[in-house]
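Nothing in this text is a laboratory measurement; each read-out follows from the coordinates by a stated rule. Every value quoted in this text rests on a predicted model; they were computed, and no experiment measured them. Virtual Cβ from ideal backbone geometry, glycine too; neighbours counted across all protein chains shown.
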Amino acid sequence: MFVLSYAEHPDTVDLDFNFICTQVGLNPSEFTIGISNLHNSLSHLNQSLKESYYASQVASIDNLHKRNYNELGLYQIIMPHLTDSWMIEFSKRLLDPIFDYDQRYQTQLYETLRHYLKNGCHTQLTAENLFQHKNTILYRIRKAKELIGPFESDQMFNEQISTAIKIHESILHTST
């Protein structure tokens, strides 16, 4: 773990990190960088370290080299409470029926939902990414809604399934 501290906004964090790595014979591309919010007091060091850690974990989940804590969105809530039984049960309640269905019928509802949400809920783009017909994607989304619904709206479904997937992916990533 490297801790780089700056008096101002860390505009040069990449250059400084790369310089330090090369000086000690390490390859900077082998690391995942998490950047905390700017804190002005040493009393916030613990918070800063946690923010950096959570940002690096999410960067790793998203297969990125670097993430800023202030860009994590919902992960800012999920990561600190990942072991909370309420979080785990929320995710399991929504995803277990989908996993069971996928296993029983050899389908790809979970992967379809992951891609669908990653693609901003665009079915055509999801179909192209998964090499499927758009109607196949629509069918899979409808099937997932049937398995875990009802939902008041598509937005409610998207919010809840997105949150459940983020929790699940975070748990998987941090347990390995």
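Only one item in (i) 11, 43, 38, 8; (ii) 8, 24, 18, 18, 12, 9, 6, 3, 1; (iii) 9, 30, 29, 19, 11, 2 matches P(r) over Cα pairs in 10 Å bins from 0, in percent derived from the coordinates shown, and that item is (iii). On C-alpha positions alone, give me the angle between the axis of helix 109-118 and the longest principal axis of the chain, in degrees, nearest 10. It works out to around 50 degrees.
For the range 72-176, state which chymotrypsin sites (Phe, Trp or Tyr not before Pro) are in a DSSP loop and have at most 11 other beta carbons lying within 10 Å of their beta carbon.
Working: sites: 75, 86, 90, 99, 101, 105, 110, 116, 131, 139, 151, 157; in loops: 131, 151.
Here the chymotrypsin sites (Phe, Trp or Tyr not before Pro) that fit, given the DSSP loop and packing criteria, are 131.
Estimated from helices alone, the mean residue ellipticity of the chain at 222 nm is -19500 deg cm²/dmol (sum of -39500 (n - 2.57) over DSSP H runs with n ≥ 4, per residue). Relative to the dominant Cα principal axis of the chain, helix 85-105 is inclined by about 50°.
The C-alpha atoms of the chain define a longest principal axis, and helix 45-61 lies at about 50 degrees to it. Could you run the Debye sum over the Cα atoms of the range 82-174, one equal point scatterer each and no solvent, and tell me log10 of I(q)/I(0) at q = 0.11, 0.12, 0.13 Å⁻¹, two decimals? The computed values of log10 I(q)/I(0) come out as -0.29, -0.35, -0.41.
With R₀ fixed at 41 Å, the C-beta to C-beta distance from residue 18 to residue 152 puts the FRET efficiency at about 0.25. Loop-located GluC sites (Glu not before Pro) across the range 1-70 with a Cβ neighbour count of 13 or fewer within 10 Å are 8, with loop assigned by DSSP.
Just checking the listed ones, 71, 152, 128: in the Gaussian network model of the chain with Cα springs under 10 Å, the one fluctuating most is 152.
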